[in-house]
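S.K.: Dropping a structure here in structure tokens format, bear with me for questions.
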Amino acid sequence: MNKIVVLDGFPANPGDLSWDEFKKLGDLTVYEKTEKDKIIAHIADAAYIYTNKVPITREIMTACPHLKFIGVLATGYNTVDVEAAAEKGITVTNIPAYGTQIVAQHVFALLLEICHHAAHHSEQVYKGRWSSCNDWCFWDYPLIELAGKTMGIIGFGKIGQNTAKLAQAFGMNVLAYNRSQTEQGRAIAPYVSLDDLYKNADIISLHLPLFSSTEGMINRQSIEKMKDGVIIINTARGALVNEADMAQALNTGKVLYYATDVVSVEPICTDNPLLQAKNCIITPHIAWAAKETRRRLLAIAADNLKQFLAGTPINTVGTGSKKD
């Protein structure tokens, strides 16, 4: 029977969903978490594996000669050496577009927190600060209206485009940057150069994959090109941002707020400079984690293996094709 191993299943399914569709495809073993020194032991005799953040390197593939299929339980697949997989005839799949709606929703959860500080003001009511106020209204943060502001979206794929539509529903103007341009994108918002986006955006939202070419792209030099008081939101990858440069920009006020769901090393290290920066909102990589979204992710992941076993692989990011 086909042996299937999930190396780090807990984030996608902490117990509120089912692995039954995977069980229909083979002999399933699910590990909640796998430490690096246990990876080979867990998958040594497996043909089909799934990983989210557990790295699958060339060395691991070499040590596991039965391996035919690597399913990434995410859209980003930088945890897998896809070049090595292709050389070894191993198919790699990912989960595209499963979180389009929820990630864009989280962008606005972060942005609206910056604009209104709703939880803070509710806490102040319960502390009696409204009761003791001389006026009928009370606030102690500047409040921000989004209508008429310009949002610059860097990375204009499905999530970026959905974010743009939400921004437009708030009455915002949208500028888009993407390495390649599409008619679908043009129908939503105008494409501009990065420098033009930096110059004109009041709010910048990041929706890029992490590659060597994008790592640290938001840094001291790029921030200097932005408006004073810009707001930057990151629901993509933490390492897109040079976090030391961002902390400095926050502390000087060049960047008004940085709101991020991701950091360069996760879980966040206690010495991350963002933890000491002013006006920084950090959520613990939860933009993707709604139950409805995770259910969709698992359904696509199971179908990826089902289609591979049927000889019609889908959602492939490698070119491997090891046969039985």
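S.K.: Which one is nearest to the chain's Cα centre (by Cα) among residues in region 247-271 that are buried (at least 18 other Cβ atoms within 10 Å of the Cβ) and among the polar types (S, T, N, Q)?
M.R.: THR260
S.K.: Of all residues being of a type in the set (S, T, N, Q) and part of a helix (DSSP H, G or I) in region 247-270, which is nearest to THR214 (Cα to Cα)? Just the residue, please.
M.R.: Among residues in region 247-270 that are of a type in the set (S, T, N, Q) and part of a helix (DSSP H, G or I), the one nearest to THR214 (Cα to Cα) is GLN248.
S.K.: Here's something else I'd like to know. Given the criteria within 30 Å of CYS64 (Cα to Cα), touching a residue at least 24 places away in the same chain (Cβ under 8 Å) and among the hydrophobic types (A, V, I, L, M, F, W, C), does ALA176 qualify?
M.R.: no
S.K.: Of all residues in region 213-234, how many are in contact with a Phe, Trp or Tyr (Cβ under 9 Å, 6 or more places away or on another chain) and polar (S, T, N, Q)?
M.R.: Residues in region 213-234 being in contact with a Phe, Trp or Tyr (Cβ under 9 Å, 6 or more places away or on another chain) and polar (S, T, N, Q): 2 in total.
S.K.: Write out, first by first residue and then by second, each pair whose Cβ atoms fall under 7 Å of each other, whose residues are 6+ apart or on separate chains, and whose first residue, in region 22-37, is of a type in the set (Lys, Arg) while the second is surrounded by 15 or more Cβ atoms within 10 Å (Cβ to Cβ).
M.R.: LYS33/ASP8
S.K.: May I ask you to verify whether ALA244 is assigned to a helix (DSSP H, G or I), touching an Asp or Glu at 6+ places or on another chain (Cβ under 7 Å) and either surrounded by 15 or more Cβ atoms within 10 Å (Cβ to Cβ) or modelled with pLDDT of 95 or more (or both)?
M.R.: Spelling it out, it is not the case that ALA244 is assigned to a helix (DSSP H, G or I), touching an Asp or Glu at 6+ places or on another chain (Cβ under 7 Å) and either surrounded by 15 or more Cβ atoms within 10 Å (Cβ to Cβ) or modelled with pLDDT of 95 or more (or both).
S.K.: Another one. Quick one: how many residues across region 240-288 are touching a Lys or Arg at 6+ places or on another chain (Cβ under 7 Å), farther than 19 Å from ALA109 by Cβ and not polar (S, T, N, Q)?
M.R.: Total satisfying the criteria: 2.
S.K.: Taking the options ILE188, ILE218, name whichever one is in contact (Cβ under 8 Å) with a residue 24 or more places away in the chain and within 30 Å of THR79 (Cα to Cα).
M.R.: It is ILE218.
S.K.: Only one of ILE39, ILE70, ILE43 is touching a strand residue (DSSP E or B) at 6+ places or on another chain (Cβ under 8 Å), closer than 30 Å to LYS158 by Cα, assigned by TED's automatic domain parsing to the domain that holds ARG295 and not acidic (Asp, Glu). Can you tell me which?
M.R.: None of the other options fit; the residue is ILE70.
S.K.: Pick out, from region 1-77, the strands (runs of 3 or more DSSP E) lying fully within it that include 1 or more residues that are closer than 30 Å to GLU215 by Cα, more than 26 Å from the chain's Cα centre (by Cα) and at pLDDT 95 or above.
M.R.: It comes to none.
S.K.: Oh, and also: Within region 86-101, work out how many residues are assigned to a helix (DSSP H, G or I) and surrounded by 22 or more Cβ atoms within 10 Å (Cβ to Cβ).
M.R.: Counting residues in region 86-101 that are assigned to a helix (DSSP H, G or I) and surrounded by 22 or more Cβ atoms within 10 Å (Cβ to Cβ) gives 0.
S.K.: Restricting attention to region 103-137, which residues are on the phi > 0 side of the Ramachandran plot and buried (at least 17 other Cβ atoms within 10 Å of the Cβ)?
M.R.: HIS117
The values are calculated or read from the model by the stated rules, or taken from the named source; none is laboratory data. Source: prediction; values computed, not measured. Every residue, glycine as well, gets a Cβ built from its backbone with ideal geometry; the counts of neighbours run over all protein chains shown.
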